[in-house]
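A.B. asks: Got a structure for you, questions after.
The values are calculated or read from the model by the stated rules, or taken from the named source; none is laboratory data. Computed from a predicted model, the values in this text were never measured in an experiment. Methodologically, a virtual Cβ is constructed for each residue, glycine included, from the backbone with ideal geometry; neighbour enumeration extends over all protein chains shown. Only protein heavy atoms, including side chains, enter the accessible area calculation; ligands, DNA and RNA are left aside. Shrake-Rupley method; radii C 1.70, N 1.55, O 1.52, S 1.80 Å.
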Amino acid sequence: MTDADPSRPRPGAQHRRAPALRRPGGTAPSAAAAADHERDAGVASPPATGREDLPPTPPAKTVRDPFLDNARGILITLVVVGHTLECFDGKSGFLGGAIHTWIYSFHMAAFVAISGFLSRSYRNEPRQVRRLLTAMLAPFLIFQMLHEVGKMLLLGQEFHLQFVSTAWTLWFLLALLMWRLITPVLRVLRYPLVFAVAVAVIAPLDPDLDSTFTLGRFFEMLPFFVLGLVTTPAMLQKLKTLPHRVWVGGGVLLAALVFSFATHEMYSVSRFFLRGSYADGPYEIWLAIIMQILVLAAGMVGTVALLLATPLGQTIWTALGARSLTIYLLHPLVLLPIRYMDEPFAWVEAWWAPLPLIVIGLAITAVLSRGIVATATRWVTDPPIGNLLVKDEVAPQGGRRTAA
């Protein structure tokens, strides 16, 4: 009988037995979901290994959960449609104004909340900082210059290299970068959501708060990011299994649209931008504070309703969500010529104009979501420069880990 015979125990085997290793594919559903969320956030956990004399078990292949991709796909479509209405001046009429106000009442709030949920594992580790530089900071700098070049060519202005005032849609990248960096601080607070709401309500009291370094939105949209940050996978799972969830979520969104039709002419849609001081608005301070709280509440309710109405499985929205950053960065360049046009098209003044503009927005989203577009533009939307800027992580034993 040899030592390999399983029926014969070796002396001292109980002291040298390696810990049981999980077989590939045996990962628990919750662990798979956590790994998927970390991957979406640009975070990857190092593989666990057994004893040094045993080969590591190959990591289990996780399947990307389409739910959050579906939500982001719906939201990025609303982003493009909203900007299309804005550029063609299709929001000035009753129909366009109601739709535009409805979109802005919740779509960026939901986008920021999902980003917060996907940032739960962020701890400012080198591999995570590397992803921040390649997926957020570098694209921000590149597209900031492209926007300035566009203004120079379309408006005949001199080229101004500026990064203090963000160009049009690029505020989101800079704000998300800063939210990610303070995530470790937010996670140790006792009541982070209460803290974030207090910041969002108090910060606009400063009359100098504006879009410089997108600080207005950084402070005032912080509650949405923290809402996602404090949401656990278990809480999200309960949301996904709620009875009649699609009907409930769809009903709330439809009610919000009806409410927008009835009230959007009473106030400016800019109330939902959350980027400036109370002193910039037409209201007294006490009324502006109440409006701010109502806007934050509307964004949170709309976020939950959107998630309730989001499909769980693979849909047409899944690919859009997986490439949402590419669509977000590229669609303003497509719309720039219309945005800076001196005289808009005459037909956009018709009451029905928002309907074809919505179709145009859907078409732009569909084209920019194609794989060939993502591949061709990856060098500007996700430039591979992280390893050049961030040093490799040093292992505890004194060795060096390979760049993630």
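A.B. asks: Those residues that are outside any helix (DSSP H, G or I), surrounded by fewer than 19 Cβ atoms within 10 Å (Cβ to Cβ) and β-branched (Val, Ile, Thr), I need them from region 124-181; list them, please.
C.D. replies: Val164
A.B. asks: Something else about it: Taking only pairs six or more apart or across chains, which ones have beta-carbon atoms under 7 Å, a first residue in region 364-378 that is farther than 16 Å from Ile74 by Cα, and a second residue that is open to solvent by 30 Å² or more (accessible area, probe 1.4 Å) and at pLDDT below 95?
C.D. replies: Correct list of pairs: Ala374/Arg323.
A.B. asks: Kindly provide the set of residues from region 246-266 that are over 15 Å from Gly302 (Cβ atoms) and surrounded by 15 or more Cβ atoms within 10 Å (Cβ to Cβ), ordered by number.
C.D. replies: Phe261
A.B. asks: What number of residues within region 81-116 satisfy the criterion of being within 22 Å of Leu308 (Cα to Cα) and not polar (S, T, N, Q)?
C.D. replies: Within region 81-116, residues that are within 22 Å of Leu308 (Cα to Cα) and not polar (S, T, N, Q) number 17.
A.B. asks: It is to be established whether one or more residues within region 204-217 are surrounded by fewer than 20 Cβ atoms within 10 Å (Cβ to Cβ), in contact with a strand residue (DSSP E or B) (Cβ under 8 Å, 6 or more places away or on another chain), under 30 Å from Phe94 (Cβ atoms) and not aromatic (Phe, Trp, Tyr).
C.D. replies: Yes - at least one qualifying residue is present in region 204-217.
A.B. asks: Which condition from (1) in contact with a helix residue (DSSP H, G or I) (Cβ under 9 Å, 6 or more places away or on another chain); (2) at pLDDT 95 or above is the one that Leu254 breaks?
C.D. replies: Exception for Leu254: condition (1).
A.B. asks: Let me ask you something else. For Leu274, which of the numbered conditions (1) under 16 Å from Trp102 (Cα atoms); (2) part of a helix (DSSP H, G or I) fails to hold?
C.D. replies: All conditions pass for Leu274, except number (2).
A.B. asks: Filtering region 197-221 down to residues that are small (Gly, Ala, Ser) and without any contact (Cβ under 8 Å) to a residue 40 or more places away in the chain, which residue is nearest to Tyr278 (Cα to Cα)? Quick ask: steps written out before the conclusion?
C.D. replies: Step one: of region 197-221, the residues small (Gly, Ala, Ser) are 198, 200, 203, 211, 216.
Subsequent filtering for residues that are without any contact (Cβ under 8 Å) to a residue 40 or more places away in the chain retains 198, 203.
Values: Ala198: 15, Ala203: 9 Å.
Among those that are small (Gly, Ala, Ser) and without any contact (Cβ under 8 Å) to a residue 40 or more places away in the chain, it is Ala203.
A.B. asks: Just need a number here: residues in region 108-131 that are of a type outside the set (Val, Ile, Thr) and touching a Gly at 6+ places or on another chain (Cβ under 7 Å).
C.D. replies: 9
A.B. asks: What single numbered condition from (1) of a type in the set (Gly, Ala, Ser); (2) at pLDDT 95 or above; (3) under 30 Å from Val334 (Cβ atoms) fails to hold for Gly156?
C.D. replies: Result: Gly156 passes all but (2).
A.B. asks: Does Tyr283 satisfy being without any contact (Cβ under 8 Å) to a residue 40 or more places away in the chain and closer than 23 Å to His100 by Cβ?
C.D. replies: yes
A.B. asks: I'd like the full set of residues that are of a type outside the set (Gly, Ala, Ser) and within 15 Å of Arg339 (Cβ to Cβ), limited to region 142-167.
C.D. replies: Phe143, Leu146, His147, Glu148, Val149, Lys151, Met152, Leu153, Leu154, Leu155, Gln157
A.B. asks: Show the residue pairs meeting these rules: Cβ distance below 9 Å; 6+ apart or different chains; first residue within region 117-145 and closer than 23 Å to Pro233 by Cβ; second residue aromatic (Phe, Trp, Tyr).
C.D. replies: Here the result reads Ser119/Trp179; Ser119/Phe225; Gln128/Tyr122; Leu132/Tyr122, each pair linking region 117-145 to a residue that is aromatic (Phe, Trp, Tyr).
A.B. asks: What are the residues in region 182-191 that are outside any loop (DSSP other than H, G, I, E, B), hydrophobic (A, V, I, L, M, F, W, C) and open to solvent by 20 Å² or more (accessible area, probe 1.4 Å), if any?
C.D. replies: Passing the criteria: only Val185.
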